[in-house]
Amino acid sequence: MGKGPVKVGFFNTATCIDVQPEGEELPASQQLARMAIYARQIFIHQPNRRFVRVLAITGNHLRLFHFDRAGAEYTQPLNFDDHPHTFVRLILGLSSPNEADIGLDPSIQWKVENGRKVSGTLTTRIANNIQKVYNLVHVDPYLRHSHIGGSGTTCWIVSDFASGETLLVKDAWNSDKRTAEHLHLEVAVGVPGVAQMVSCEPDRGQTRNLRSLEQDRPVPVENRVEARIVMKYYGRSIVYFQSAKQLLCALRDAIADVSIANVRLGIPGAKPGERGLLTNLDMATRLSESGFHPAVDWRIGTPLFQSTSVLYSVETEEPHQPPPHDHWDDLESFFYILTYIICTYDSQGVCHPVDQLMKQWKGYSGQNASDAKGIFLAKGRFVVSDRISPRWPKAVLDVFRSFGSFLDSRLRDRLNTRYIDRDEVLELSGRMASDADHHYAEILQIFDAGIEALEAVNNTVIPLVPSASLRGSSKRTRKGDTDEPIPKHSNWST
């Protein structure tokens, strides 16, 4: 007896062919939107997809669509009655048994039993171009982005055959105009509080080499380069903390980050400096000796945690742009992470109904959001509600108030830059940036005092570690590109 019909879905589809009745042709823009639905589902259900090609057929015409991390392109309508050989070649190519031909990454393989993935391997290349094979700890990715365009970041948890060590493998397509993430990680080798790289394949492919369709391009297409980075595996997002001490230690050791999903808990028993780690340096900017800072960009980062200056930039143009992105934006965003955690969780990591302040911040955008946070900072009291304060030890609330007061006393000048000319803005920004190391040291002292206060109460010693200089880079995270989503709440306003 046969095994029964094979299940067909987006998880095992080589391509999609959309057939429309003659006379009901859609405009190219509508066809593109329709084909993008199929492509996105294939990307989602096939995490080792590098590109997707689909076909639209109407009457005796066809149009080929190509989707990759740089976006989409498509052909002009082709009459397949006049070009039958091209039609046959297209069908054969779109259904090729060669995985690479249809856009799959053959370096990731699964063992399938009864239609289900039961195990898998990931192959990469390490130093001296030596091939290295890892076991997949989970058959599904630890993380994957659902957008067609963008970095397409996909992370896998793997284990080393020889040592048994658990590692994290990150595949991502980033713009060739940005400094590659592995270069930042090379500089960060041995730096406490930063994820440590094990190996890297820096150029596994480029989107411009996946494209060959001829069409006019009034706007240049961004080229993206795929890289695979193998890193030490650390804990989950900081929102999975289980005690007030773990929270403060993780925040303290990873204090340069600006997105809640990129502050990672260290592994159990991690030494000081690795209790919280900074991950995802693909949007980092290394500052030069001349003090270069990139312009603020509201598209980079999670709005809930963006600074007042970044949010204000949404609706402003030269010459009224806020100061360049610098360490103050990072520190301010880090404070909003702490605010979010205090308002949303208790000291044991249990999630509570969303506080009104968080609803307000999430409900606003652009300059309204900037003004709301500016008002919050300007109050200078940083008092949480009677409903929230009993959930947290006094030491944590003291850190919260001291952190907020530190920012308030220094950010008023930055808020006033909205009303002065550009040269004065740059001069003020330069003066503030020159004291970056000192500012970070003050914040670390605030956290150290909080940790020591918790130790005194719990009679448990948590060793402190001197901070490394953080002036060398300014960490920014692309909007929507987070390792783990912020936990969803049923009472978030939408």
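The values are calculated or read from the model by the stated rules, or taken from the named source; none is laboratory data. Being a predicted model, the structure only gives us computed values, none of them experimental. When we count neighbours, we look across all protein chains shown, and the Cβ atoms used for this are built from the backbone with ideal geometry, even at glycine. With ligands, DNA and RNA removed, areas are computed over all heavy atoms of the protein, side chains included. Shrake-Rupley method; radii C 1.70, N 1.55, O 1.52, S 1.80 Å.
Numbers for the structure displayed
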| read-out | value |
| --- | --- |
| Exclusive hit being open to solvent by 50 Å² or more (accessible area, probe 1.4 Å), closer than 30 Å to Tyr142 by Cα and in contact with a Ser or Thr (Cβ under 9 Å, 6 or more places away or on another chain), set His66, His45 | His45 |
| Some residue of the stretch 13-22 being surrounded by fewer than 15 Cβ atoms within 10 Å (Cβ to Cβ), in contact (Cβ under 8 Å) with a residue 60 or more places away in the chain, among the polar types (S, T, N, Q) and under 25 Å from Thr154 (Cβ atoms) | no |
| Any pair with Cβ under 7 angstrom, 6 or more apart, that starts in the stretch 333-357 at a residue that is touching a residue at least 60 places away in the same chain (Cβ under 8 Å) and ends at one that is basic (Lys, Arg) and not in a strand (DSSP E or B) | Ser347/Arg391 |
| Val139 vs. criteria in a strand (DSSP E or B), among the aliphatic types (A, V, I, L, M), within 18 Å of Tyr233 (Cβ to Cβ) and at pLDDT 90 or above | no |
| Residue list for the stretch 373-391, restricted to those being more than 17 Å from Leu338 (Cβ to Cβ) and either in contact with a helix residue (DSSP H, G or I) (Cβ under 6 Å, 6 or more places away or on another chain) or at pLDDT below 70 (or both) | Gly374 |
| Residues of the stretch 165-217 classified as open to solvent by 50 Å² or more (accessible area, probe 1.4 Å) and either part of a loop (DSSP other than H, G, I, E, B) or touching a Cys at 6+ places or on another chain (Cβ under 8 Å) (or both), total | 13 |
| Qualifying residues in the stretch 69-89 (those that are of a type outside the set (Val, Ile, Thr) and within 36 Å of the chain's Cα centre (by Cα)) - the one surrounded by the most Cβ atoms within 10 Å (Cβ to Cβ) | Arg69 |
| Those residues of the stretch 108-146 which are within 18 Å of Asp203 (Cβ to Cβ) and free of Cβ contacts under 8 Å to residues at least 24 places away in the same chain, in sequence order | Thr123, Asn128, Asn129, Ile130, Gln131 |
| Residue match in the stretch 338-361 (condition: farther than 25 Å from Ala254 by Cα, buried (at least 21 other Cβ atoms within 10 Å of the Cβ) and at pLDDT 75 or above) | no |
| Residue within the stretch 139-153 that is more than 28 Å from Gly71 (Cβ to Cβ) and open to solvent by 20 Å² or more (accessible area, probe 1.4 Å) present | yes |
| Residue within the stretch 39-49 that is of a type in the set (Gly, Ala, Ser), in contact (Cβ under 8 Å) with a residue 40 or more places away in the chain and outside any loop (DSSP other than H, G, I, E, B) present | yes |
